[in-house]
1. Quick one: angle between helix 402-417 and the longest Cα principal axis of the chain, in degrees between 0 and 90, rounded to 10, please.
2. Calculate for the chain the 222 nm mean residue ellipticity that helices alone would give, adding -39,500 (n - 2.57) per DSSP H run of length 4 or more and normalising by residue count, nearest 500 deg cm²/dmol.
3. Seen from all sides and averaged, what is the projected area of the convex hull of the Cα atoms in the chain, in nm²?
4. Which whole number of Å³ per residue matches the convex hull of the alpha-carbon atoms in the stretch 1-150?
5. Tilt of helix 199-222 relative to the longest C-alpha principal axis of the chain, in degrees (0 to 90, nearest 10)?
6. Taking every pair of Cα atoms in the stretch 254-316, average 1/r, invert it to obtain the Kirkwood radius, and report Rg/Rh to two decimals.
7. How would you order 322-329, 443-450 from highest to lowest mean count of nearby Cβ atoms within 10 Å?
8. Quick one: order Met133, Met259 by neighbouring beta-carbon count within 10 Å, fewest to most.
Amino acid sequence: MASIIASSPSGAVLKPKPKLSTAQIFNMSFGFLGIQFGFALQNSNASGILRNYGADVEHLSWFWLAAPLVGLIVQPIVGHYSDRTWTRLGRRRPYFLAGALLSASALTLMPNANILGAIAPLVIIGAGFLMIMDACFNLAMEPFRALVADNLPDSQRTKGFGIQTFLIGVGAVIGSLLPYILANWFGVAKDAPEGVVGQNVKLSFYIGSAVFITSILWTVFKTREYPPEEYAQYHGKAEDEHAGLGAIWKDFLKMPRTMKQLGLVQFFSWFALFGMWVFTTDSIATHIFGLPIDDKSSPQYREAQSWTGVIFGVYNGVSAIYALLLPTIAEKLGRKKTHALSLIIGGIGLISFFFAPSKEFLIGSMACVGIAWASILAMPYVILSSSIPAGKMGIYMGIFNFFITIPQILNGIIGGPMVKHIYNSQPVYALVMAGVFMLCAAVSVIYVYDPGAITVKEEVSN
């Protein structure tokens, strides 16, 4: 039987949370390796898969709308209930486990839409599987950031989210590169007729399914969550322990000042990232390889798809390394300046796509993006977690996802028509626009109020 709990500030004096060892922080975040493995397979292959299923390039961003729309709905609900649920596995871990099992199933479905081709057009089935896959990923992912904030004091949160980002980077590197490695190192076939996904991509998705489950189970069995009584000592007693879904709207209206300011930063950042994920393959195909925009199944297009996986692996690899440096950099520059500098470098990397003379040049471009990506996955959450009321970590981490999904939805609606009608079917300009938006994010972060900066200084001095 699960009991319903919640906790929020009550005015009582709270015990300081004990610091955790590096191994404990690593185990707590290890499941994110599998989650990002799955996301990397999705990010670097979904556009190519949908193109193979018959999607036109100007419609890609519409099909990608499934992902942020699902996240907009799923993450606040999961956050709300994970704040209030206690089982033998804890409060966050049951959601990890359910999400892992469902995600593993979804990963096997996405590259096999052709088996259901008699039911509906392949591109519609593929888009449906993309939506299902993203819903499952969100179910598994949302509670992870709340778990880090639950268990770590302010002084360890930069380290905690840094390690989490490192594991995200490792999972994403392997997931991004795996189709290329299978095809070029092990001879797994990558060519296939239109409407059929290459065997190297299929096998990568199957491997991703196994990695997803294994890494989540590691966190589930290696991580301890505070039971309700002990949790209350660190976070306070509940104010609304039986509140229903209507409380999400009330919490949204009461969001902290810092969260509102970070919302603008996130808007610019994730508008940029969405454009990069959707249009990189076709930018390489048209701008670097010189292919016509209607080419979506030739060997050269398959090469563009494979090279997307390679350079996505580069940016995720750089992010994994840079994430480990974030605590040191933030200690010297401060959280906001660290994030701003990282975003500037990422914006320059995206803009440089336009000037790339060859596909190899893009390795440097995406290395710059990797620096921004590491910071985007860590620093906003470090700043945000210091401003969230105790006991509300899950719901506010879920609500914060609004500022990730809404810009993606907007880009999804207008991005494709802009490529066709404004950029004259040249998707590389979508990446240039993404770079400009990332520079805007760098400017806006300077004006964010960071209440945790003072707390960290006090904890370190003590």
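Laboratory data are not the source of any read-out in this text; all were calculated from the coordinates shown. Model, not experiment: these values are computed from the prediction. Virtual Cβ from ideal backbone geometry, glycine too; neighbours counted across all protein chains shown.
1. 20
2. Taken over the chain, the calculation gives -24000 deg cm²/dmol.
3. Here the figure is 20.7 nm², rounded to one decimal.
4. In the stretch 1-150, the Cα convex hull volume per residue is 141 Å³.
5. Value to nearest ten degrees: 10.
6. Here the Rg-to-Rh quotient is 1.23.
7. Per-residue Cβ counts within 10 Å, averaged per peptide and sorted highest first, yield 322-329, 443-450.
8. Met259, Met133
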